[in-house]
């Protein structure tokens, strides 16, 4: 069902200010950045062994990341679980009593299909189901 932890999302106020910790101090590799318009975030992917770190910078005060930072400060936002057949996984979660924020997958960073589980159903942890196909998989 779950293949792996794909990435850990970390909310930051500024990717530019956060990057030196990851690339210069921790010596991790920056894989790239992109803006995900539909989620109102700028994203930087960092290779950290077999898991990626996803720095999330809000591009609008209306973004979920801006609201998260305002409420909780910068820090771990979500854990993304790599899956196959995301539609089936969503149905499995719902059958097992998990409330989904996304009942249908949407497009996330890197063109992946994503769906978030509601943290009230998962012990206060925001989990993301993440399906990548073909060339999207950067293991």
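The values are calculated or read from the model by the stated rules, or taken from the named source; none is laboratory data. As the structure is a computational prediction, the values presented were derived from the model and not from experiment. Note that each Cβ is placed from the backbone with ideal geometry, even for glycine, and that neighbours are counted across all protein chains shown.
Things to note:
- Residue in region 112-122 that is nearest to the chain's Cα centre (by Cα), counting only those that are surrounded by 14 or more Cβ atoms within 10 Å (Cβ to Cβ) and not in a strand (DSSP E or B): 112
- Residue within region 82-91 that is in a strand (DSSP E or B) and crowded, with 19+ Cβ neighbours inside 10 Å present: yes
- Test: residue in region 81-102 that is in contact (Cβ under 8 Å) with a residue 12 or more places away in the chain and closer than 16 Å to residue 41 by Cα: no
- Flag for residue 98 being out of contact with any helix residue (DSSP H, G or I) (no Cβ under 8 Å at 6 or more places or on another chain), surrounded by 13 or more Cβ atoms within 10 Å (Cβ to Cβ) and modelled with pLDDT of 95 or more: no
- Residue check, residue 68 closer than 23 Å to residue 13 by Cβ, surrounded by 13 or more Cβ atoms within 10 Å (Cβ to Cβ) and over 12 Å from the mean Cα position of the chain (by Cα): yes
- Extreme residue, surrounded by the fewest Cβ atoms within 10 Å (Cβ to Cβ), among residues of region 41-50 that are over 13 Å from the mean Cα position of the chain (by Cα) and either modelled with pLDDT under 95 or closer than 14 Å to residue 15 by Cβ (or both): 49
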